[in-house]
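Report on the structure given below.
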Amino acid sequence: MEKKVVYLWSVIVLLSVVLSSALTLDIPVYFKVGGSLELRPQPEHTAITGIVWRHNGDLVAEWVDKDSPLTYWGVFKGRTTLNTTTGRLEIRKMSKDDAGLFTVEINKVQNESYAARVVKEVSKPTVLVKPLACSPALESCVLSCDGDTTETGPVDYYWKFGDGGWKQREKDITINKTEEMQSAKTVSCRMKNLAGEKDSDPVENPFFKEPNGSVGLGVGLFLLSVVVLAGGVVGYWKRESIKELVCPHNNGNNGDASNRQCDGTLQESQQLNDVEKSDKDGKVTQ
């Protein structure tokens, strides 16, 4: 019987220690230099009659009771606001020196503690395609928004396909070879935290498919260029035959007159070209 009692008390003590440790865990909070920090204690079930906030053991704000004035201390004076009804503490114009442990006592009872940390700007992310051999031959692939998140605090990720808008999603997303996905030519991602945001360079969507209209237009232009080129080559080879068609050598008087008229026209055209060439050469010489 005594052994059972001892065992039961051991379990109770162990649970008390674990529960106490869980209650005193520091809650991580983040701020950017020049920004604000807001600390919100858990709501109290009874009316708040006194609040004391400390930073690394030093007083920040103190409200002893309803008959005492609310007092702000040290470097926090002039940039701190304490709500005596809820216990919420707001500090503005935060600096690196404000990082550290904030603790609060409400109604003379130790409440939460907050580990305040400065966040750095996120780095410019890069879109990674997994597997590297992702192609239209596959049904799905994974995209990852990769970037340095050291000391950045919580980071939100956004994705953009083609000319569409930004949508908040996870760091790693799975894309499927759907008709909608095949219409987006590029993929971009964004990383965002308290200190700011940065976008990746757009990369080619591995599932992008050229619209049929664009393919048909390209083929049509290619065929047209082939026809024009072939026509030019044939025209050069058959230039004498074409001349015969334009200036036929007919028999009889009418034929001789027609030939003389055609030859005269050709000669006049040649003389006109020679005159224009002489004028250009004269201008160059001058």
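The values are calculated or read from the model by the stated rules, or taken from the named source; none is laboratory data. This structure is a prediction, so every number in the text was calculated from the model and none was measured. Cβ coordinates were reconstructed from backbone atoms using ideal geometry, including for glycine residues, and neighbour counts include every protein chain displayed.
Would you call Val122 part of a strand (DSSP E or B) and among the β-branched types (Val, Ile, Thr)? Judged against the criteria, Val122 is not a match. When region 43-90 is limited to residues that are among the polar types (S, T, N, Q) and under 26 Å from Ala195 (Cβ atoms), the one that is surrounded by the most Cβ atoms within 10 Å (Cβ to Cβ) turns out to be Thr80. On the stretch given as region 133-153, residues that are among the aliphatic types (A, V, I, L, M) and not in a loop (DSSP other than H, G, I, E, B) total 2.
Count, please, the residues in region 91-116 that happen to be at pLDDT 95 or above, surrounded by 15 or more Cβ atoms within 10 Å (Cβ to Cβ), within 37 Å of the chain's Cα centre (by Cα) and in a strand (DSSP E or B). Selection size over region 91-116: 5. For region 115-149, give me each residue that is within 30 Å of Ile91 (Cβ to Cβ) and in contact with a Ser or Thr (Cβ under 9 Å, 6 or more places away or on another chain). Listed by number, the residues that qualify are Val118, Val119, Lys120, Glu121, Val122, Ser123, Gly147, Asp148, Thr149. No other residue among Glu210, Glu180 is modelled with pLDDT under 95, outside any strand (DSSP E or B) and assigned by TED's automatic domain parsing to the domain that holds Cys145 apart from Glu180.
Lys160 - would you say it is outside any loop (DSSP other than H, G, I, E, B), in contact (Cβ under 8 Å) with a residue 60 or more places away in the chain and not assigned by TED's automatic domain parsing to the domain that holds Trp53? No, not satisfied.
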